[in-house]
Amino acid sequence: MTASVETKILFQPYRWKSQKRGPDRLEAAPAIECKVIGDGLRKIERIRAGDTGFAGAQLVRISVDVEAGDYGEPEFLDEAGHVPARDE
C-alpha cells in the first residue's frame, strides 16, 4: 500500500487577543487552505495593506500524508504583520 501524500498551501492568519491581565497576545485564527500560491500571496498583500482585521499572517506549503495523518515540515513562503517568532 502506498502513502497518499498531498501538498497543501495554507494561509495562517493571526489576531490580537485581549487578556484580563498583562499584554494582549497573538492568537492563531483558523487556517485557510488556498488552491494556488497566488491566492495566498494576494491575502498576504491585503494584510500588508491593512485591509483586514488580522494582526498578521503566514503563508506555508506543507506535505500531508493523508492516510497516516502525518504532516511534514512547513516551508514558509511569505509573511506579513505580527506573527509568532519561529526557528529558522
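The values are calculated or read from the model by the stated rules, or taken from the named source; none is laboratory data. None of the values given here were measured: they were computed from a predicted structure. Counting neighbours? That spans all protein chains shown, and the Cβs are built from the backbone with ideal geometry, glycine included.
Things to note:
- Annotation note: Cβ proximity below 9 Å between a residue of segment 64-79 that is closer than 18 Å to I37 by Cβ and a residue that is of a type in the set (F, W, Y) and in a strand (DSSP E or B) (sequence gap 6+ or interchain) occurs for V64/Y71.
- Residues in segment 60-80 that are crowded, with 16+ Cβ neighbours inside 10 Å and more than 24 Å from S4 (Cβ to Cβ): D78, E79, A80.
- Residue within segment 17-35 that is in a strand (DSSP E or B), over 15 Å from the mean Cα position of the chain (by Cα) and among the basic types (K, R) present: yes
- Of the criteria (1) modelled with pLDDT of 95 or more; (2) among the acidic types (D, E); (3) outside any strand (DSSP E or B), which one E79 fails: (3)
- One residue stands out among those in segment 8-26 that are aromatic (F, W, Y) and surrounded by 17 or more Cβ atoms within 10 Å (Cβ to Cβ): the one that is nearest to L77 (Cα to Cα), which is F11.
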